[in-house]
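Here the structure is laid out as C-alpha cells; the discussion comes afterwards.
Please treat every number below as a calculation from the coordinates, not as lab data. Here the structure is a predicted model, which is why all the values come from computation and not from measurement. Note that we place each Cβ from the backbone using ideal geometry, even for glycine, and neighbour counts take in every protein chain shown.
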Amino acid sequence: MKIQAAVMHAPGQPLEVCEVDLAPPAREEVRVRIQATGICRSDLSYIDGKWPAPLPIVLGHEGAGTIEAVGEGVDPQRIGEPVVLTFSPACGRCRMCLAGRANLCLDAAKGLDSGFLRDGTSRLELTGRPVHHLAYVSSFATHAVVPADAALTVDPALDPALGCLLGCGVTTGVLSVTRRAAVRPGEAVAIFGCGGVGLAAVLGAGLVSALPIIAVDPMPLKRELASGLGATHTIDPGDGDPAAQIREIVDDGVDYAFEALGHPDVAEQAFRSVRDGGTTVLIGQPGMGVKAGVDVYNATQFEHTILGSNLGSGVPALHIPQLARLTVAGLLDLAPLVTHRFGLDEINEAVATTASGEAGRVVVEPSFGRTSRARHDRVDESDSLDRGLTAP
Ligand SMILES: [Zn+2]
Ligand SMILES: [Zn+2]
C-alpha cells in the first residue's frame, strides 16, 4: 500500500515527507496505523549525523496507533487493538531476557541498528528501492509494519498522543527512578536536564514520594514545567555550581542524582551532588566515546555508585502497558509534558522545535494538519485525568 512517510536521505538535510510503498506484514508481523509519534533526542542524533544510520531511512521510535492488519501466525483478533510500539521486542530466550533484563535483549539489539526487520529485509520502498526501518518502529509515517511482539497492547482509553511517549522517553525517565535506581519514599533526588526524559524522571520521583525532588535546568520554561510536575525545588545552573546549590537544600547532598542530558560536564556535576553512599544514574546519551571524569578517591572512600540506565531497566512488554494504566488512571500525568503538536507534513518544524531545547516533548500526529493546529495548541490536560480507572 501507499503511505506517507518522512524519509531521511542524508545527515544534516531536512526529512522528505513523501509517498512510500509499504509491503504487507510478513509472518509474525503486524501493520499499525500510526496515530502519534514522539520526537526523541536519539532521532536528532541520527538526523545531525552524530550517530550513523543506514540510509535512506524512516526514523521515529516512539509510536502509538492501532493494529489494522496481521501477518501469518498472528491472531486476527488483534486487529483493532490499540498499541504502543517498542524498539526492544525481547526474544525471551537470551541470557539477558532470562535474567529479567529484557531491555538488553541480545536478539533485539542485533536488529536495532540493522535497518531491517527480523528476517533481514525491509517492508518500505521508495521508487523501487528499499528504505530502512529504524529499530523495528519507523513511526515518522502514517503506517508501519513491525514485529507482532513490538506492538504492545495498551488500555484503549490511553490517548495515543500521550501513549507514544511510553515507547522511549517517558518509560526511560520514570523507570530510571522507580526501577533502575529503585528510589524509596523520602529519599532525596536531583534531576539534571528537564527535557522529556528528565521531566518524566520528575514524575517518577513523585510516584515514589521522593523528597525533595530538585530539578536542574538553565531554561525557565523547563524549570516551570518541572515544578508543575512535582519538583519541590528548581535550580538554575547559571546561578552557580548546582552541586553547591543542592547542598543548600539538602545538607549532605542527595541520595540519587539523575543525569538526563548526556553532557559530560553535567554528569560530573551529578557525581558531585550525591551524599556519601549515594548513587548517580546516567540516562542521557552523548555521542559515542564521550567520557566524563570521576573523583576515584571520593567514589571509593564514600561508596558512590554510578548506574547506567537504558530504558530504566524496563521490561517493555511488562512496564509499558503498566505505565499506560497509570496514565489512564491519572496517576502519571503525561499531558503537561507535551508542549508542542505538529502534523506529519510539519515534521521538520517538529524536529527543529525539539532541537531548540525549548520544548518538553514534541508529538507528531499524521492526522494533525496545519489547518487544525490552531485549535489544538496543547494537549487538553484534563483529558487523561477525567477518564478514571478502567483497568486493573
Ligand atoms: Zn528515544
Ligand atoms: Zn532476549
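Count charges around P220 for me, please; just the other residues with Cβ under 11 Å from its Cβ, Lys/Arg as +1, Asp/Glu as -1.
On the way: positive: K222, R223; negative: D217, E224, D236, E358.
Local charge sum for P220: -2.
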> When the chain is modelled as a GNM with alpha-carbon springs shorter than 10 Å, which of S139, S88, S45 fluctuates the most?
Replying inline: S45
>> Through the Karplus equation 6.51 cos²θ - 1.76 cosθ + 1.60, θ set to phi - 60°, convert the phi angles of region 113-129 into ³J(HN,Hα) values in whole Hz; use x for Gly and Pro.
In response: 10, 6, x, 10, 7, 4, 7, x, 10, 10, 9, 9, 9, 10, 6, x, 10
> Is region 147-277 best put as rounded, prolate or oblate by its Cα gyration tensor, with a ≥ b ≥ c the root eigenvalues, rounded for a/c under 1.5, and otherwise prolate when a/b is larger than b/c, oblate when not?
Replying inline: prolate
> For region 182-188, in order, what is each residue's ³J(HN,Hα) by Karplus, 6.51 cos²θ - 1.76 cosθ + 1.60 with θ = phi - 60°, in whole Hz (x at glycine and Pro)?
Replying inline: 6, 5, 10, x, x, 7, 8
> Hey, which lysines would be in cross-link range of K50, C-alpha to C-alpha under 21 Å, not counting anything within fewer than 8 residues on its own chain?
Replying inline: K110, K291
> What helices does the chain have that are whole DSSP H segments, at least 15 Å long along their own axis by Cα, and with mean Kyte-Doolittle hydropathy of 1.0 or more?
Replying inline: 196-207
> Across 5 Å bins from the origin, how do the percents of Cα pairs in region 211-324 run, short distances first?
Replying inline: 2, 11, 19, 22, 21, 14, 8, 3, 0
>> With just the Cα atoms defining each centre, how far is region 339-357 from region 279-329? Give it in Å.
In response: 27 Å
> Whole-Å semi-axes of the chain's equivalent ellipsoid, largest first, each the root of 5 times a Cα gyration tensor eigenvalue?
Replying inline: 34, 22, 21
> Which part of region 147-187 falls in the paramagnetic zone of D75, meaning amide N under 19 Å from the point 7 Å along Cα-to-beta-carbon?
Replying inline: 147-157
> Check F342: other-chain or 5+ apart residues with amide H under 5 Å from its amide H, H built from backbone geometry?
Replying inline: V363, V364, E365
> Let a ≥ b ≥ c be the square roots of the eigenvalues of the Cα gyration tensor of region 79-156; is it rounded (a/c under 1.5), or, if not, prolate (a/b larger than b/c) or oblate?
Replying inline: oblate
> Expressed in nm², what is the orientationally averaged projection area of the convex hull enclosing the Cα positions of region 1-153?
Replying inline: 8.6 nm²
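With a cut-off of 8 Å between alpha carbons and a minimum separation of six or more residues, what is the relative contact order of the chain in percent?
17 percent
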